[in-house]
Amino acid sequence: MKHSNYLLFLIISLFFSCKQETIQLKEIGIIPKPLFQEINKGVFVLDENIRFISDTELNQVSNYLKLYIEENYQVSFTPQKESKKIVFTSNDSISNEEGYELKIGENSILIASKNSKGAFYAVQSLLQLMPIKSNGLAIAIPCLELQDEPQFKYRGMHLDVGRHFFSVDFIKKYIDLIARLKMNTFHWHLTEDQGWRIEIKKYPKLQEIAAFRNETLVGHYNDQPHKFDGKKYGGFYTQEQIKEVVAYANTRQVTIIPEIEMPGHSQAAIAAYPSLGCTGEQVEVATKWGVFDEVYCPKESTFKFLEDVIDEVVALFPGKYIHIGGDEAPKTNWKKCAHCQKLIKEKGLKNEHGLQSYFIARMEKYINTKGKQIIGWDEILEGGLAPNATVMSWRGTSGAVEAAKEGHDVILTPGSHCYFDHYQADNENEPLAIGGFLPLEKVYHFNPIPEELTDKEATYVLGAQGNVWTEYMQTEKQVEYMAFPRVVALSEVVWSSPENKNYTDFINRLEQYQKRLDQLDVNYANHMYSVKGELKNTEGNLTYQLNATSSSYPIYYATDESAPSKLYVNPIPVDSSIIIKAVILDSNAIALGAIFQQKINLHKGVGAKILIDKKPHPAYNAGGKNALINGISGNNKRYGDKEWLGFSGEDIEITIKFDNPTNINTIATRFFNANGQWIYSPKEINLQLKLEDGRAILIRKKIENTKSLLVDFNLNISQFYPEDKNLKATELKIIIPSYGIIPEGKQGAGHKPWTFIDEIIIE
């Protein structure tokens, strides 16, 4: 009772000290987490009697805060002579351009910064100290001190409007949402094979033809045969609309980087002006997703077109950078083009990759004359990097490492951690996505500085960016669902110091932040109350361990057909094939999230030792090597979940060793076969069984060529060795040759494909 009386005393004291009823946050948890935070006694009461004082250069930020409070908390400021103060002041002693100090006392709020950027970020922290709604009560803000600055200078989010077009109002909302998280760059992907989205007045056919496609692919690209909706689709932003968005972003300290793709991803422009391509033939704006052979031909007329486009683009965007793409540009047409081959010889280039480097370098030189610098995807490294280019590394981190070692600025955006078009949960009811698997936790644990870099080389890492490619995001609400809350996690990756990060702490703060997203009508993915599981092998004892993203509520489970009702305390023993269901329940036994269900097939390989001679690609290694023999099969449609292992263009040798000689009759697995995403099933598998009697059995089996998304491999040993019964093996070796080279006419032609393998089932 003593504690209760003390709490009551505090409440009464606060009431009388403020002389009015107040409302205050129960928990303080700013995202991204500040560098230094110290909470003091007392509160600053936000009421009408407050005077705003600001240095001239900070007036815009001061007015932003004042207007926000007036609109969201229904406060009309009428300061008296002895009023409280909110003061914005410039302080040159703050070394970081985006750093700030925030001091909240009972009678004043002091914000110090080097410039308006830091002041704006201080305001974002301040707003997170206020309750979401006032409910007619005065706002009580806790007294504290913050000293804060970002870890990286580049903190970006991307949005593809080429595949699907979104309104100006939504673009503003998107910018506002990332600005609240102290992100400072919006990468606007404006041109694509499927649509040209920016008005270029000198070339009206870009608006009339390139901005619209005749129809759109229905379902996933991997679904065969392809189906289309038969509806014309498109749109573009006028230059006046773009100016409006740029001005809006400026008030939120967000710089917009426009992307004008070249030489690839340009079929829409070539559809409008066929002479821009190598063949001169009429093509249509692309109606499905993927990579297309239609690329800009490096003719003088093409360069004149692109220079004219750049002239109008740079006049609209005051930022430092123009993104020129440079990714996924097939060389098919260049190889057949007489002009291109002549140009290669004239310029002394090695090959078509050298021609792309020439193309990029030439455009860079022109863009530099406009006082701008270029950014390109990491393919611009092929054939030699343009002198002043910044590299955006998306195919892993190797591009970033190569560029940084050459002294070029880099921005990390690898698909493994920064592609928000990937699935984010194991739930079967997740909306259709391109593939892959990127849960919130993986985003949060991303380190933008590759370990291969020295401290000096690491200074070339400007920061990181999240990418939202919209092939499978038709609506604005779908974009929000895929982006949030992963954007929130990324904001802490690029702002907060590594030693200040803690995932459990972040989740606790995220629970509160999601309430702010509710207020802003953001359709975020709420997997806060989802359950995950993992099979554990402890000295031969198999158990299944459950855990939840949020630890605020208990987990309940079942191992039969009933609803989950057993309180989860310890890992569940697994001594036979079972189905485990689990869910998080609140105090009223109401489910807070979806029911998690996992089937475990306890075959003879589970619990054995496994070796793989190649490491799976870091992007597709969530479950590690044991994922292949843990009794759990991967998702039928998502090659990137933690059960599928992905290898990039390599032969693979898998060795499974048994503790005791084991009778083996059948061996089965399956491969993903999404050719449109450069994933191919192998053509054959070679098996080697070491037997307890010292013999070795060798089996080679071809795999039928099929267009199926999943290719099953099943081998009955008795078909090959009918005379041997009850073969007992001590070791199984599986050799999987890579498919080879992707053939001409296919997506990724000329490149080595991916191999994705699922559970190896041994019976």
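The values are calculated or read from the model by the stated rules, or taken from the named source; none is laboratory data. Predicted model only: the values in this text are computed from it and were never measured. All Cβ positions, glycine included, derive from the backbone under ideal geometry; neighbour counts span all protein chains shown.
Can we say G646 is surrounded by 18 or more Cβ atoms within 10 Å (Cβ to Cβ), over 28 Å from the mean Cα position of the chain (by Cα) and not aromatic (F, W, Y)? Here the answer is no, as G646 does not meet what is asked.
As for the range 441-462, it holds at least one residue that is within 14 Å of the chain's Cα centre (by Cα), assigned to a helix (DSSP H, G or I) and surrounded by 20 or more Cβ atoms within 10 Å (Cβ to Cβ). Of all the residues in the range 42-61, those that are touching a residue at least 40 places away in the same chain (Cβ under 8 Å), closer than 15 Å to F120 by Cβ and not aliphatic (A, V, I, L, M) number 2. Reported count of residues in the range 673-713, each being of a type in the set (F, W, Y) and closer than 28 Å to N663 by Cα, is 1.
The one condition from (1) surrounded by fewer than 22 Cβ atoms within 10 Å (Cβ to Cβ); (2) closer than 28 Å to F446 by Cα; (3) not aromatic (F, W, Y) that G399 does not meet is (1).
Does the range 534-543 include one or more residues that are of a type outside the set (A, V, I, L, M, F, W, C), within 20 Å of N427 (Cα to Cα) and surrounded by 20 or more Cβ atoms within 10 Å (Cβ to Cβ)? Checked the range 534-543: no residue is of a type outside the set (A, V, I, L, M, F, W, C), within 20 Å of N427 (Cα to Cα) and surrounded by 20 or more Cβ atoms within 10 Å (Cβ to Cβ). Screening the range 90-178 for strands (runs of 3 or more DSSP E) wholly inside it with 1 or more residues that are surrounded by fewer than 17 Cβ atoms within 10 Å (Cβ to Cβ) and touching a Cys at 6+ places or on another chain (Cβ under 7 Å) returns no ranges. Checking the range 348-362 against the condition returns no match, with no residue being closer than 12 Å to G264 by Cβ and assigned to a loop (DSSP other than H, G, I, E, B). All told, I344 meets the bar of being more than 33 Å from the chain's Cα centre (by Cα) and either of a type in the set (F, W, Y) or surrounded by 18 or more Cβ atoms within 10 Å (Cβ to Cβ) (or both).
Might you check whether a residue that is surrounded by 18 or more Cβ atoms within 10 Å (Cβ to Cβ), under 23 Å from T662 (Cβ atoms) and at pLDDT 95 or above occurs anywhere in the range 736-749? For the range 736-749, residues surrounded by 18 or more Cβ atoms within 10 Å (Cβ to Cβ), under 23 Å from T662 (Cβ atoms) and at pLDDT 95 or above: present.
On the stretch given as the range 152-172, residues that are under 21 Å from E240 (Cα atoms) and either in contact (Cβ under 8 Å) with a residue 40 or more places away in the chain or touching a Ser or Thr at 6+ places or on another chain (Cβ under 7 Å) (or both) total 12. If you go through the range 318-349 and pick out every residue that is within 20 Å of H751 (Cβ to Cβ) and of a type in the set (S, T, Y), you end up with 1. For the range 624-643, the candidate set comprises residues that are crowded, with 21+ Cβ neighbours inside 10 Å and small (G, A, S); within that set, the residue that is farthest from Q424 (Cα to Cα) is G631. Restricting attention to the range 532-550 and to residues that are out of contact with any Gly (no Cβ under 7 Å at 6 or more places or on another chain) and within 19 Å of I595 (Cβ to Cβ), the residue that is modelled with the lowest pLDDT turns out to be S550. The requirement of being without any contact (Cβ under 8 Å) to a residue 24 or more places away in the chain, among the polar types (S, T, N, Q) and touching a helix residue (DSSP H, G or I) at 6+ places or on another chain (Cβ under 7 Å) is fulfilled nowhere in the range 295-314; no residue meets it. Any residue at all in the range 387-402 that is of a type in the set (D, E) and assigned to a loop (DSSP other than H, G, I, E, B)? Within the range 387-402, none of the residues are of a type in the set (D, E) and assigned to a loop (DSSP other than H, G, I, E, B). If the condition is being assigned to a loop (DSSP other than H, G, I, E, B) and either without any contact (Cβ under 8 Å) to a residue 24 or more places away in the chain or touching a His at 6+ places or on another chain (Cβ under 6 Å) (or both), then the range 574-605 contributes S587, N588, A589, I590.
From V468, V569, V522, grab the single residue that is of a type in the set (A, V, I, L, M, F, W, C), over 23 Å from T413 (Cα atoms) and touching a residue at least 40 places away in the same chain (Cβ under 8 Å). Within the list V468, V569, V522, the selection yields V522.
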